[in-house]
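The values are calculated or read from the model by the stated rules, or taken from the named source; none is laboratory data. Keep in mind that this is a model prediction, so the values were computed, not measured. Neighbour counts run over all protein chains shown; Cβ positions are idealised from the backbone, glycine included. Heavy atoms of the whole protein, side chains included, go into the accessibility calculation; ligands, DNA and RNA do not. Shrake-Rupley method; radii C 1.70, N 1.55, O 1.52, S 1.80 Å.
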Amino acid sequence: ANTASASSRDAAPAAVRSQIVFCGASDSPPYEYVDAQGRPSGFNVELMRALAREARREVEFRLGPWNEVLGHLQAGEVDIVAIAYTEERAQRYDLLADTWMLQGVAAFLPGRRSYPRDAFSLGNEVVATVERSRMHDLLLALPENLRPRIRTVASPTDTVRLLLRGEVTAAAGNVLHLRRARADLEVADLVEIPITASPYYLATKKGRGGEFAWIPASLAKLKERGE
């Protein structure tokens, strides 16, 4: 199954209980994914559980295809997502709390005579990346004469599979996503070229930020305790 849901059971009494829905990708480890037992897992899931406990709230998790996540948020069907920062996203969503720094890379098979230096030297490549991801947006924003041919897929693991099959020349995305995919597929090594770095935010629909002021407040308390 590509979907899963679960609720935190560490909530406070019903008088202060307020359930929210966190939506994320079902195949985006180590941040969010459905584990072998069909349970929501990952960094974002554990963080949201901790924030909910701190604020005496209840949280439900709905994980599915990433290319549907932001649509659910925009439609008001879910409350919170985790996204990499872009100026366009900062205008479209209310950014609640900065939780991580995402490193974006393009990964290549070893043994080439040369490798691109940066995003602006990918023009002759065929690059696989996750549809509607931060990397997808970045590649599309390149000038047309510098833009690689782009193959969009559903998950980071799929980008590495295409690379191994020779259907693309590079897999682009978050470095931890790609390293996890490489480990799962038992790939000994890939050559990683840094492309970008972006802050990672918990976010909600534009205009709803005030409802979730408890999120940055709770995160500050977790940090103070070293949790």
Here the relative contact order (percent) of the chain, from C-alpha pairs under 8 Å and at least 6 apart, is 26 percent
Order the peptides 158-164, 172-178 from the highest to the lowest mean number of other Cβ atoms within 10 Å of their residues. 172-178, 158-164
Sorted by packing (mean other beta-carbon atoms within 10 Å per residue), highest first, where do 76-87, 215-226 land? 76-87, 215-226
Take the solvent-accessible surface of the protein heavy atoms, probe 1.4 Å, and return the percent of it on the chain that carbon and sulfur atoms account for. 47 percent
Among the aspartates and glutamates, select those whose C-alpha is under 13 Å from the C-alpha of K221, and discard any that sit fewer than 8 residues away in the same chain. E54
Which parts of the range 134-158 would a label at F120 reach, counting a residue when its backbone N lies under 11 Å from a point 7 Å out along Cα-to-Cβ? 143
Calculated from backbone phi, Karplus (6.51, -1.76, 1.60) coupling profile of the range 153-162 in Hz, x at Gly/Pro: 9, 8, 8, x, 4, 5, 5, 6, 4, 4
Which distance in nm do the two modelled labels at T152 and E131 give, with both placed 7 Å along the Cα-to-Cβ direction? 0.6 nm
J(HN,Hα) series, the range 131-140, from Karplus relation 6.51 cos²θ - 1.76 cosθ + 1.60, nearest Hz, glycine and proline x: 4, 6, 7, 4, 5, 4, 4, 5, 5, 5
With 0.36 nm assigned to each residue of separation and the Cα-Cα distance removed, Q74 to R112 gains 9.4 nm
What is the sum of charges around L202, taking Lys and Arg as +1, Asp and Glu as -1, for the other residues whose C-beta is under 11 Å from the C-beta of L202? -3
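For the range 82-192, what's the relative contact order in percent, using C-alpha pairs closer than 8 Å and at least 6 residues apart? Working shown, then result.
Working: 155 pairs, mean separation 38.2, N = 111.
After rounding, I find 34 percent.
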To the nearest 0.05, the calculated FRET efficiency linking E167 and A213 through their beta-carbon distance, R0 being 35 Å, is 0.15
Quickly work out the D189-to-R56 label distance, labels modelled 7 Å from Cα along the C-beta direction, and quote it in nm with one decimal. 5.5 nm
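Normalised radius of gyration for the range 126-186, please: alpha carbon Rg relative to 2.2 N^0.38 Å, two decimal places.
1.05
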Over the Cα atoms of the chain, each weighted equally, I'd like the Debye log10 I(q)/I(0) at q = 0.08 Å⁻¹, rounded to two decimals. -0.31
At 37 °C and 0.692 mPa s, the Stokes-Einstein diffusion coefficient in µm²/s for the range 116-227, with hydrodynamic radius from the Kirkwood sum on alpha carbon pairs, is 204 µm²/s
Quick one: Cα centre-to-centre distance for the range 55-134 and the range 158-227, in angstrom? 7 Å
If the viscosity is 1.306 mPa s and the temperature 10 °C, what Stokes-Einstein diffusion coefficient in µm²/s follows for the range 78-180 when Rh is the Kirkwood radius over Cα pairs? 109 µm²/s
Output ³J(HN,Hα) for the range 50-58: one whole-Hz value per residue in order, computed from phi by the Karplus curve 6.51 cos²θ - 1.76 cosθ + 1.60 with θ = phi - 60°, and x for Gly and Pro. 5, 5, 5, 4, 4, 8, 6, 10, 10
